[in-house]
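One structure below.
Computed from the coordinates by the stated procedures, all read-outs in this text should not be read as laboratory data. The structure displayed is predicted, hence computed values, not measured ones. A quick note on method: Cβ atoms are made from the backbone with ideal geometry, for glycine too, and the neighbour counts reach across all protein chains shown.
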Amino acid sequence: MLKAIVQPVTPFEQNASILYCSETKKCAIVDPGGDIEILLKIAKDNELVPEKILLTHGHIDHAGGATEIAQILKVEIHGPHKDDKFLLDSLAEQGKMFGLNSKDCSPDVWLNEGDIVTIGKEKLETYFCPGHTPGHLIFYNLESKLAIVGDVLFCGSIGRTDLPGGNFDDLIQSVKDKLWPLGRDIEFIPGHGPMSTFEAERQSNPFVSDAVLGLS
């Protein structure tokens, strides 16, 4: 079974997630934006074995600590989609703007729609969901009905689209065409704030509810 530990990091309170296979104890650290000593301690305290770093997109609050923690753990960085390269190439510069010490990031593997990511014996499906950034991805585990959606969807809201490369129409389309078809009973970990379910968001989210999108 895939399990998750969610830890807010950085002044942005971004949800870094440690996803792990309960059978093998192997794990992936998703969106380590910073505070890497906290994430390393969580993995150690739970006797988890890091396999890889996963990135949903290239903003500093999600990717700012990726290079450093990957070097410490000697693991690869997988994701996001290559269309976020311009963001990962400027993480150090972004860090200076926000008073954060970050390094630029060069992923070992760019991910695409349909790629399968393994964590121990567990599998994550990859979906391309642009809008918040051009190369945004989300990860989904069928068995646990859990999605890690980065800044595509929040409890009661959606990701910003006014940053470089953002596109409101693309984001709405990503939710409608990629997230909602996964099912209503999906629990999701957003990039910020509390977890929710697709069912709850389809009922009441002011941006992407069924009523707003004209869905039955």
field: Over the chain: helical MRE at 222 nm, DSSP H runs n ≥ 4 each giving -39500 (n - 2.57), nearest 500
entry: -5500 deg cm²/dmol
field: Computed over segment 56-174, Kirkwood Rh from alpha-carbon pairs, angstrom
entry: 14.7 Å
- prompt: Setting aside same-chain residues fewer than 8 positions from LYS82, which aspartates and glutamates have a Cα under 13 Å from its Cα?
  reply: ASP108, GLU113
message: Taking every DSSP beta bridge with both residues inside the chain, roughly what % is antiparallel (nearest 5)?
response: 70 percent
task: Arrange ASP162, ASP61 by Cβ neighbour counts within 10 Å, fewest through most, would you?
output: ASP162, ASP61
- prompt: Excluding same-chain residues fewer than 8 positions from LYS41, which aspartates and glutamates have a Cα within less than 17 Å of its Cα?
  reply: ASP31, GLU51, GLU68
- prompt: In straight Cα distance, which lysines are under 27 Å from LYS44, not counting same-chain residues fewer than 8 positions off?
  reply: LYS3, LYS25, LYS26, LYS52, LYS74, LYS103, LYS121, LYS123, LYS145
query: For LEU142 and VAL6, what does the FRET efficiency come to when R0 = 22 Å and r is the distance between their Cβ atoms, rounded to the nearest 0.05?
result: 0.65
Likely footprinting exposure, SER106, SER174, SER216, fewest C-beta neighbours within 10 Å first: SER216, SER106, SER174
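Only loop residues by DSSP count here, and only those with at most 10 other Cβ atoms within 10 Å; note down the trypsin sites (Lys or Arg not before Pro) in segment 67-109 that meet that.
Counting only loop positions with at most 10 other Cβ atoms within 10 Å, the trypsin sites (Lys or Arg not before Pro) in segment 67-109 are LYS74.
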- prompt: What ³J(HN,Hα) values, in whole Hz, does the Karplus curve 6.51 cos²θ - 1.76 cosθ + 1.60 give for segment 82-92 when θ = phi - 60°, with x put for Gly and Pro?
  reply: 4, 5, 9, 4, 4, 6, 5, 6, 10, 5, 4
- prompt: Where does the Debye-calculated log10 I(q)/I(0) of the chain sit at q = 0.10, 0.17 Å⁻¹, using only Cα point scatterers of equal weight, no solvent?
  reply: -0.38, -1.15
